[in-house]
Amino acid sequence: MSQTTLADATGTSAPPDPKVSARRWWILGIIGIAQLMVVLDATIVNIALPSAQQDLGFTDGNRQWIVTAYALAFASLLLLGGRIADLFGRKPAFLIGVAGFAGASVLGGASTSFGMLVTARALQGVFGALLAPAALSLLNTTFTDAKERAKAFSVYGAIAGAGGAVGLLLGGLLTDALDWRWTLYVNLVFAVAAFVGGWILLSSHRDAAGAKLDLPGTVLVSAGLFSLVYGFSNAETHDWSSPQTWGFLAAGAVLLSAFTWWQTRAKHPLLPMRVLLDRDRAASFVTVLITGAGMFGVFLFLTYYLQLNLGFSPTRTGVAFLPMMAALMVMAQISTTVLVPRIGPKIVIPAGFAVAAVGMAWLTGIGLDSGFATHVLPQLLLIGAGLGAVMPPAMALATSGIAAEDAGVASATVNTMQQVGGSIGTALLNTLAASAATSYLAGRNPADKLNQAQATIESYTTAFWWSAGFFAAGAVIAFLLYRRGAVRQDPGAAPVVHM
């Protein structure tokens, strides 16, 4: 087929609940708050890590576990969390996720030891894995009109794309003005608003109440994703030849292959193959994966450059990302409400990737004497605009036309792709950047401060080049996978699966 046909977002021909329709924009607000809380938590703690380390007295080697504990729990349990939302209801999944995330945040803020903080971060990941897919599936089943759905997903996609930068800004402000603990306590503010709003506005409905939880599939995919993320995390602190790296990566690949095989035979599969068989949906999953890997180069290495080389404070560093966020949010509206409905994702999403790739390649021109206004700001605007044309449309297409009983697990798959992509980007770019710095210092005096500074620039630009490569590859892959033609929504159709 040359044209993409998207079924009603609920996947059924039943009319939407009029009570839900009347309050849908308020529901979007609480979903946005919850999503922002989960997304910014991936970066807000990063800026506070030096202060937390000094306060609690843990080593540099242990520092990574503050980030890794969250990522491991979140990534490995996302599909389970999404299926729980389908089986037992999205409202209870959402409310339990919000309340649990808030409780874990309070525990983390009150930490008196390294172990307590790591435990809290892991618990945040557990409840985040329940909350994130519930939020996205609620959005998918609340907005059924094509135009309104496009607007809603432009907002949601902008939050997902810019949330990391918001975390950097908020983390800097809270660390500078108050204390590192407030980067965790602040989640209470978001959680109270999301919980009260969800309690009042959301309705209880179990779309897959007749199905059962696929326990073998749950064990296989959770263990597989855990091994995959853990293996990539070990690549940062171990060599790629270490058994703790390649061993876990190999185990993850075997377990996920076994999970895929089992899903074709299970009576009540955790991730039904019908979710993956739509060509545009599969393309969107790959798009989210690549975007997650490439965005890491923007946030982490540019944060290092701004603070260590240009001398920015944590707060000023966060403010420096605001123009990128603004460009992303503007383009999110344009891409989802105007461009994709008219000319289709096959043109828009590859073009967005290409623009982001140019911005990343341009960013490799930074040096020791570069200025923010001339060597960073224009590139950030370009990257933001490019990603705004990629992330929101991909997220919308990844859950469009999905049956209501599969909305949770489809939403979880989106979040899983983003999380695994980020883990891949973290491992690869950190390793490549470290190798570039080492190569630069070979044959030079490593004690010379100028050589050290230039070596860090080499590490940053290497990471930027690879991020540009990720985005360029994304442009090619998206162009090959997405169908031609504008998106057409048939509000009365049953879910369509394209083979």
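The values are calculated or read from the model by the stated rules, or taken from the named source; none is laboratory data. Just so you know, these numbers come straight off a predicted model, no measurement behind them. Here the Cβ positions follow ideal geometry from the backbone for every residue, glycine too, while neighbour counts run over all protein chains shown. Remember, those area values only see protein heavy atoms, side chains included, never the ligands or the DNA or RNA. Shrake-Rupley method; radii C 1.70, N 1.55, O 1.52, S 1.80 Å.
Please count how many residues of segment 433-465 are basic (Lys, Arg) and touching a residue at least 12 places away in the same chain (Cβ under 8 Å). Total meeting the criteria: 0. Being under 25 Å from the mean Cα position of the chain (by Cα) and open to solvent by 40 Å² or more (accessible area, probe 1.4 Å) is the filter here; which residues of segment 252-284 pass it? Scanning segment 252-284 gives ALA253, VAL254, LEU255, LEU256, SER257, THR260, MET273, ARG274, LEU276, LEU277, ARG279.
In segment 402-415 there is no residue that is in contact (Cβ under 8 Å) with a residue 60 or more places away in the chain and within 18 Å of SER335 (Cα to Cα).
Rundown of residues vs (1) more than 30 Å from VAL126 (Cβ to Cβ); (2) crowded, with 19+ Cβ neighbours inside 10 Å; (3) at pLDDT below 80; (4) out of contact with any strand residue (DSSP E or B) (no Cβ under 6 Å at 6 or more places or on another chain), yes/no style:
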residue	(1), (2), (3), (4)
GLN419	no, yes, yes, yes
ALA433	yes, yes, no, yes
LEU450	yes, no, no, yes
TRP466	yes, yes, no, yes
PHE470	no, yes, no, yes
MET499	yes, no, yes, yes
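The residues of segment 103-128 that are touching a residue at least 24 places away in the same chain (Cβ under 8 Å), open to solvent by less than 10 Å² (accessible area, probe 1.4 Å) and either of a type outside the set (Ser, Thr, Tyr) or in contact with a Phe, Trp or Tyr (Cβ under 8 Å, 6 or more places away or on another chain) (or both), listed by number, are SER105, GLY108, GLY109, LEU117, ALA120, ARG121, GLN124, GLY125, GLY128. Considering (1) surrounded by fewer than 20 Cβ atoms within 10 Å (Cβ to Cβ); (2) free of Cβ contacts under 8 Å to residues at least 40 places away in the same chain, the lone condition that VAL476 does not fulfil carries the number (2).
Residues in segment 311-329 that are open to solvent by 40 Å² or more (accessible area, probe 1.4 Å) and aliphatic (A, V, I, L, M): VAL319, LEU322, ALA326, MET329. Any residue in segment 365-381 that is closer than 19 Å to ILE159 by Cα, touching a helix residue (DSSP H, G or I) at 6+ places or on another chain (Cβ under 9 Å) and open to solvent by 40 Å² or more (accessible area, probe 1.4 Å)? Yes, there is a match, as at least one residue in segment 365-381 is closer than 19 Å to ILE159 by Cα, touching a helix residue (DSSP H, G or I) at 6+ places or on another chain (Cβ under 9 Å) and open to solvent by 40 Å² or more (accessible area, probe 1.4 Å). Every test in (1) surrounded by fewer than 21 Cβ atoms within 10 Å (Cβ to Cβ); (2) in contact with a helix residue (DSSP H, G or I) (Cβ under 7 Å, 6 or more places away or on another chain); (3) of a type outside the set (A, V, I, L, M, F, W, C) is passed by GLY352 save one, and that test is (1).
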